[in-house]
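Below: the structure, in structure tokens.
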Amino acid sequence: MTQHKIWDPFVRIFHWTLVVGFAANALFVDDDSKLHEWLGFAIVGLIAARLVWGLIGPRFARFSSFWPTPASVIGQLSDIATGRKRLHLGHTPLGALMIFNLLGTILLIGLTGWMMTTNAYWGVEWVEETHEALVTWAEISIVLHVLAVIWESRRTGVNLPRAMVTGIKTLPDGARTDP
Amino acid sequence: MRLQSSAQPVSLLVLIVAQSLCAAFFLWDVAADGLSLGLLAFATSHFVIELLAVLALIAGVVFETRFLMDLLRRKAHLEEQLGLAAGAFHDIVEARFDGWSLTPSERDVAHFTLKGFGIAEIAELRGSAEGTVKAHLNAIYRKAGVTGRGAFVGLFIEDLMSTPLRPPEVAA
């Protein structure tokens, strides 16, 4: 067993704050309340900070370290198809696709939500419908994300949820790593 | 060495993702109709046709996913050795493995064994423990009905000697 410090405090706090913020706004807070608006702005601010961190942060937080390419995605699928275990220290290519999907979707949810508060778009139907469709899309994505994390943890023998809490990945003996 | 560009699996993957989204959308639609109509829904031809179309779409996605996984396995094994003969031999090997119902991991271990890799080397290549590879090998020998590596490799030598290796001529 070898231990690697992967996720810095900012990445972990960002992840779990986003979880709490999105869950609160999507499931618990009244859609027409001021609190819903403020939470929305806070989430957009949080993602903006993550985007900056992706450019200036430490190695595993940088987008350049986990930018998915067709070849790397096919590589991960080949590992799944052949039952090989090649571990990625940072985000996996498929995981990275989900990250960019969620960041983009939640930003668009924030944008359409903000548009509903402006005079120009207040009460405009397509804005509200887009806002709600994007939330449904984000919810589907989150369910897939959680299922994929469980599946990858079982496949590779690395407890991924714990790593996102403690920041440390514990890799099994003899594991091949592909950073 | 790369056998070909990865364009084929990528476009197949994009197709699978797109069709999965369509299937999810129409399944949602059919489920909503079914819930509002209740059991009566099955008496309306519109609903039944929609349901069958969705099921066919889902079956297509499942089939494509299995095809993609087979394709990736094949590429993973052929990339290390180019050539038409390797492709023809690979098909014979795959047909045998199909007959024994090897799991994806067992297939991979069996391929490495045929190439002459030892247990420690296979464990290193696959990123797994030696004990796991031994367990895979035992399962492979049991399914193939042989007692060990020598007899296992012998099965394929037999095939090689009785099967012409050259596939139909292909313009290079």
- Query: If a residue has to be closer than 28 Å to A:Arg59 by Cβ and not in a helix (DSSP H, G or I) to count, how many in segment A:81-118 make the cut?
  - Reply: 9
- Task: Look at A:Arg154 and say whether it is in contact (Cβ under 8 Å) with a residue 60 or more places away in the chain and basic (Lys, Arg).
- Result: no
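For B:Lys143, are the conditions met, namely being surrounded by fewer than 17 Cβ atoms within 10 Å (Cβ to Cβ) and within 14 Å of another protein chain (Cβ to nearest Cβ)?
Criteria not met by B:Lys143.
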- Note on the structure: Restricting segment A:82-100 to residues that are under 13 Å from the mean Cα position of the chain (by Cα) and within 11 Å of chain B (Cβ to nearest Cβ), the one nearest to A:Glu152 (Cα to Cα) turns out to be A:Leu94
- Go through B:Gly60, B:Gly87, B:Gly127, B:Gly131 for me and flag whichever is assigned by TED's automatic domain parsing to the domain that holds B:Leu15 and either over 14 Å from the mean Cα position of the chain (by Cα) or at pLDDT 90 or above (or both). B:Gly60
- Message: Out of A:Arg84, A:Arg12, I need the residue that is open to solvent by less than 60 Å² (accessible area, probe 1.4 Å) and out of contact with any Lys or Arg (no Cβ under 9 Å at 6 or more places or on another chain). Which one?
- Response: A:Arg12
- Message: Among the residues of segment A:122-141, are any part of a loop (DSSP other than H, G, I, E, B) and open to solvent by less than 70 Å² (accessible area, probe 1.4 Å)?
- Response: yes
- Query: Can you find even one residue in segment A:62-81 that is on the phi > 0 side of the Ramachandran plot and within 14 Å of chain B (Cβ to nearest Cβ)?
  - Reply: no
- Scope segment B:116-136; condition more than 8 Å from every other protein chain (Cβ to nearest Cβ), open to solvent by 10 Å² or more (accessible area, probe 1.4 Å) and touching a residue at least 12 places away in the same chain (Cβ under 8 Å); matching residues: B:Ile119, B:Lys134, B:His136
- Can you name the number of the only condition in (1) of a type in the set (D, E, K, R); (2) within 14 Å of chain B (Cβ to nearest Cβ); (3) open to solvent by less than 40 Å² (accessible area, probe 1.4 Å) that A:Lys169 fails? (2)
- Flag if A:Arg62 is more than 21 Å from A:Ser141 (Cβ to Cβ), open to solvent by 30 Å² or more (accessible area, probe 1.4 Å), within 17 Å of the chain's Cα centre (by Cα) and of a type outside the set (Gly, Ala, Ser): yes
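So which of B:Gln19, B:Gln8 is open to solvent by less than 60 Å² (accessible area, probe 1.4 Å) and among the polar types (S, T, N, Q)? Spell out the reasoning first.
Values: B:Gln8 fails: open to solvent by less than 60 Å² (accessible area, probe 1.4 Å).
Answer to the selection: B:Gln19.
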- Query: Looking at B:Glu94, B:Glu106, which one is of a type outside the set (Val, Ile, Thr), in the same structural domain as B:Glu158 (by TED's automatic domain parsing) and at pLDDT below 90?
  - Reply: B:Glu94
- Index of the failed condition, B:Leu102 passing every other in (1) open to solvent by less than 30 Å² (accessible area, probe 1.4 Å); (2) more than 24 Å from B:Pro9 (Cα to Cα); (3) assigned to a loop (DSSP other than H, G, I, E, B); (4) more than 10 Å from chain A (Cβ to nearest Cβ): (2)
- Query: Which condition number does A:Leu89 fail, the rest of (1) modelled with pLDDT under 95; (2) open to solvent by 30 Å² or more (accessible area, probe 1.4 Å) being met?
  - Reply: (2)
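The values are calculated or read from the model by the stated rules, or taken from the named source; none is laboratory data. Note that the structure is predicted; figures quoted are calculated from it, not measured. Neighbour counts are summed over all protein chains in view; Cβ atoms, including those assigned to glycine, are modelled from backbone coordinates with ideal geometry. Note: areas computed on protein heavy atoms with side chains; ligands, DNA, RNA excluded. Shrake-Rupley method; radii C 1.70, N 1.55, O 1.52, S 1.80 Å.
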